[in-house]
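The values are calculated or read from the model by the stated rules, or taken from the named source; none is laboratory data. Owing to the predicted nature of the structure, the values given are computational and were not obtained by experimental measurement. All Cβ positions, glycine included, derive from the backbone under ideal geometry; neighbour counts span all protein chains shown. Keep in mind that these areas ignore ligands, DNA and RNA; they rest on the heavy atoms of the full protein, side chains included. Shrake-Rupley method; radii C 1.70, N 1.55, O 1.52, S 1.80 Å.
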Amino acid sequence: LLTFTNVATDADLPANILSYSLGAGAPPTATIVTNTGVFSWPVPVNQPAGTNSVTVIVSDNGIPQGSHARTFQIVVGAPLTITSIVDAGGTVNITAPAIPGRRYTLTAKDDLAAPSPWPALGSPFTATNTTVIFSAPATNAQLFYRVQMLP
């Protein structure tokens with residue numbers, strides 16, 4: 001779920017009531033609360049990777065009515081699915097798709113049912129191309145791995 005609050009002001013006197021709306025081309029499941037400017041988009045699991053342009057329009061109830069629009073981009077990355085896990089003699093190499101310039105971390109745990117957090121294995125790093133490869137020590141224990149893109 002992507003959510004944030006748009007903020008606008010109107011310096012006219014008397015103060016006007018502001019209302020928010022989405023312009024043409026917004027994702028079909030995106031919404032905006034008219035009186036608060038809260039934007040929400042439950043990004044579908046099958047949303048293709050790419051850039052989505054969204055225009056937010058704020059209008060006042062003055063006479064004449066004023067309005068202003070801003071367009072911004074939402075970049076949806078490829079799903080973070082581990083594409084390979086290879087035992088390399090004492091280490092395990094884990095590969096996943098990436099967006100160059102974004103930071104990633106590898107986490108692991110031994111019990112998916114446990115409510116415990118997913119501890120990081122090593123330090124996060126910034127992707128330089130369209131894949132990230134993590135190396136972790138090989139163990140005799142069963143581990144579940146997860147690659148996360150950091151904010």
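Of all residues in the stretch 1-41, which are of a type in the set (Phe, Trp, Tyr) and over 27 Å from Gly77 (Cα atoms)?
Answer for the stretch 1-41, where residues must be of a type in the set (Phe, Trp, Tyr) and over 27 Å from Gly77 (Cα atoms): just Tyr20.
Out of all the residues in the stretch 65-78, is one or more in contact with an Asp or Glu (Cβ under 7 Å, 6 or more places away or on another chain) and either assigned to a loop (DSSP other than H, G, I, E, B) or open to solvent by less than 50 Å² (accessible area, probe 1.4 Å) (or both)?
Yes, because at least one residue in the stretch 65-78 is in contact with an Asp or Glu (Cβ under 7 Å, 6 or more places away or on another chain) and either assigned to a loop (DSSP other than H, G, I, E, B) or open to solvent by less than 50 Å² (accessible area, probe 1.4 Å) (or both).
Output the qualifying pairs, or none if there are none: Cβ atoms under 6 angstrom, residues six or more apart or on different chains, first residue in the stretch 42-58 and part of a strand (DSSP E or B), second residue of a type in the set (Ser, Thr, Tyr) and open to solvent by less than 40 Å² (accessible area, probe 1.4 Å).
The qualifying pairs are Val58/Tyr20.
For the stretch 109-150, what are the residues that are over 15 Å from Thr95 (Cβ atoms), touching a Lys or Arg at 6+ places or on another chain (Cβ under 9 Å) and assigned to a loop (DSSP other than H, G, I, E, B)?
Correct list: Ser116, Pro117, Trp118, Pro119, Pro124, Leu143, Leu150.
Has the stretch 32-48 got at least one residue that is over 30 Å from Ile99 (Cβ atoms), of a type in the set (Ser, Thr, Tyr) and out of contact with any Pro (no Cβ under 8 Å at 6 or more places or on another chain)?
Within the stretch 32-48, one or more residues are over 30 Å from Ile99 (Cβ atoms), of a type in the set (Ser, Thr, Tyr) and out of contact with any Pro (no Cβ under 8 Å at 6 or more places or on another chain).
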